[in-house]
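Colleague: Once you've had a glance at the structure underneath, I'll fire off some questions.
The values are calculated or read from the model by the stated rules, or taken from the named source; none is laboratory data. Source: prediction; values computed, not measured. Because the Cβ atoms are built from the backbone with ideal geometry, glycine has one as well, and the counts that use them run over all protein chains shown. In case anyone asks, the SASA skips ligands and DNA or RNA and just uses the protein heavy atoms, side chains included. Shrake-Rupley method; radii C 1.70, N 1.55, O 1.52, S 1.80 Å.
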Amino acid sequence: MISNLLRDAAATNRLREFAFGNEDFQALRQLVKQLTGINLTEQKRELVYGRLARRLRTLQLKSFAEYRELLARDGGREISELCNAITTNLTAFFREPHHFDYLREQVLLPLAADPNGTRRLRIWSAGCSTGEEAYSLAMTVIETLPDLRRWDVRILATDLDSDVLQRAQRGIYAAERMRNLSPQRLSRFFLERSERAGPSYEVTPQIAALITFKQLNLMHPLPMRGPLDVIFCRNVVIYFDKDTQRDLFGRICQLQRPGDLLFLGHSESLFKVTESYSLIGKTVYRRC
Ligand SMILES: C[S@@+](CC[C@H](N)C(=O)[O-])C[C@H]1O[C@@H](n2cnc3c(N)ncnc32)[C@H](O)[C@@H]1O
């Protein structure tokens, strides 16, 4: 059995452009875990090869051993490229739309109806990728809160990956990314640009003004002061092991007061992670 596995691995290596031994995978896996919290399981071996082989080509390196040497000696520049290459950035406008409905009906409308409310709202999109989640939050807020000028609303959107963050900040999206948006939202919140490759859509200054994008690694200390009324941390911790999740939510919960809300992705849960939150809806948690 083991000799078959070794023979298969050797055959795969012969077909590869760059030799990629077990020691390469294990060393990169350990480094990625330490840097980002992302836990690359055995099943991710080919994904790691595919994504990093592109870096080797760009850098004109001959082997993964050379790449590991570069990571050890270049003072951090390639480390950032490594993190960008490894992260999975899949996202969409109004992804998991029930969360935005929940936010509108259970948070924003009651706040708007409260004559003694503070009119202050702080929302964090943690792991915002290319920005669609943060802009969807801004659209929901603008659509729901009457007379927004009388409110103090800020949306903080952060990600570790500097490439996606730059795209989020530009706020320009190709037509095929706009599929989840109604014609009303498209015309209210986006400006159409015609480019050689076809039309693209740029967010209006009104929604951009609500959001601050910042690079932040969730493995590092969280610099914000809080309290944060609402945190969207969706489809991020799915890549972390339970200990890393425990550590992260142990720090995140300190930024929220009892009653504040935390939204996770559809396949994520706080079961055996923390007891500081109770489940109150479909992957919606309330700080206890
Ligand atoms: C799959 S995307 C999810 C985007 C969005 N939240 C959504 O649900 O549509 C996951 C994002 O988490 C980011 N991420 C992964 N590890 C991170 C870390 N340690 N610190 C900050 N962001 C991280 C990735 O760069 C990626 O953009």
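Colleague: Here's a check for you: in the stretch 17-26, which residue that is hydrophobic (A, V, I, L, M, F, W, C) and closer than 13 Å to Glu66 by Cβ is most open to solvent (accessible area, probe 1.4 Å)?
Modeller: By that ranking, first place goes to Ala19.
Colleague: Let me ask something else about it. Those residues that are within 23 Å of Ile123 (Cα to Cα) and polar (S, T, N, Q), I need them from the stretch 163-211; list them, please.
Modeller: Gln166, Gln169, Asn180, Thr204, Gln206
Colleague: Across the stretch 111-130, which residue is nearest to Glu143 (Cα to Cα) among those that are at pLDDT below 95 and not hydrophobic (A, V, I, L, M, F, W, C)?
Modeller: Across the stretch 111-130, the extreme among qualifying residues is Arg119.
Colleague: Restricting to the stretch 245-288, name every residue that is surrounded by fewer than 17 Cβ atoms within 10 Å (Cβ to Cβ) and in a loop (DSSP other than H, G, I, E, B).
Modeller: Passing the criteria: Arg257, Pro258, Gly259, His266, Ser267, Ser269, Phe271, Lys272, Glu275, Lys282, Cys288.
Colleague: Please identify the pairs in which a residue from the stretch 130-142 that is free of Cβ contacts under 8 Å to residues at least 40 places away in the same chain has its Cβ atom under 9 Å from the Cβ atom of a residue that is away from the ligand (no atom under 11 Å from the Cβ) and part of a helix (DSSP H, G or I), counting only partners at least 6 apart or on another chain.
Modeller: Nothing qualifies.
Colleague: Could you figure out which of (1) among the small types (Gly, Ala, Ser); (2) at pLDDT 95 or above; (3) open to solvent by 20 Å² or more (accessible area, probe 1.4 Å) isn't true of Ser200?
Modeller: With respect to (1) among the small types (Gly, Ala, Ser); (2) at pLDDT 95 or above; (3) open to solvent by 20 Å² or more (accessible area, probe 1.4 Å), Ser200 is out only on (3).
Colleague: Applying the selection to the stretch 238-252, what residues are within 11 Å of the ligand (Cβ to nearest atom) and touching a residue at least 60 places away in the same chain (Cβ under 8 Å)?
Modeller: Selection gives Tyr239, Phe240, Thr244, Leu248.
Colleague: Of all residues in the stretch 157-177 being of a type in the set (A, V, I, L, M, F, W, C) and within 15 Å of the ligand (Cβ to nearest atom), which is surrounded by the most Cβ atoms within 10 Å (Cβ to Cβ)?
Modeller: Checked the stretch 157-177; the qualifying residue surrounded by the most Cβ atoms within 10 Å (Cβ to Cβ) is Ala157.
Colleague: I want to confirm something. Restricting to the stretch 97-128 and keeping residues that are under 20 Å from Val284 (Cα atoms), outside any helix (DSSP H, G or I) and open to solvent by 10 Å² or more (accessible area, probe 1.4 Å), which single residue is farthest from the ligand (Cβ to nearest atom)?
Modeller: Here the answer is Arg122.
Colleague: Of the residues Leu255, Leu216, Leu210, only one is away from the ligand (no atom under 13 Å from the Cβ) and under 30 Å from Leu191 (Cβ atoms); which?
Modeller: Leu210
Colleague: Okay, next question. So which of Arg150, Arg154 is more than 17 Å from the chain's Cα centre (by Cα), open to solvent by 10 Å² or more (accessible area, probe 1.4 Å) and modelled with pLDDT under 95?
Modeller: Arg150
Colleague: From the set of residues in the stretch 129-147 that are aliphatic (A, V, I, L, M) and closer than 19 Å to Asn180 by Cα, which is surrounded by the fewest Cβ atoms within 10 Å (Cβ to Cβ)?
Modeller: Ranking the qualifying residues of the stretch 129-147, first place goes to Ile142.
Colleague: From the list Leu228, Leu191, exactly one residue is more than 15 Å from the ligand (Cβ to nearest atom), modelled with pLDDT of 95 or more, crowded, with 20+ Cβ neighbours inside 10 Å and not basic (Lys, Arg). Which is it?
Modeller: Unique residue meeting the criteria: Leu228.
Colleague: OK, next. Kindly indicate whether Ala209 is among the small types (Gly, Ala, Ser), open to solvent by 60 Å² or more (accessible area, probe 1.4 Å) and at pLDDT 95 or above.
Modeller: When the stated conditions are applied, Ala209 passes them.
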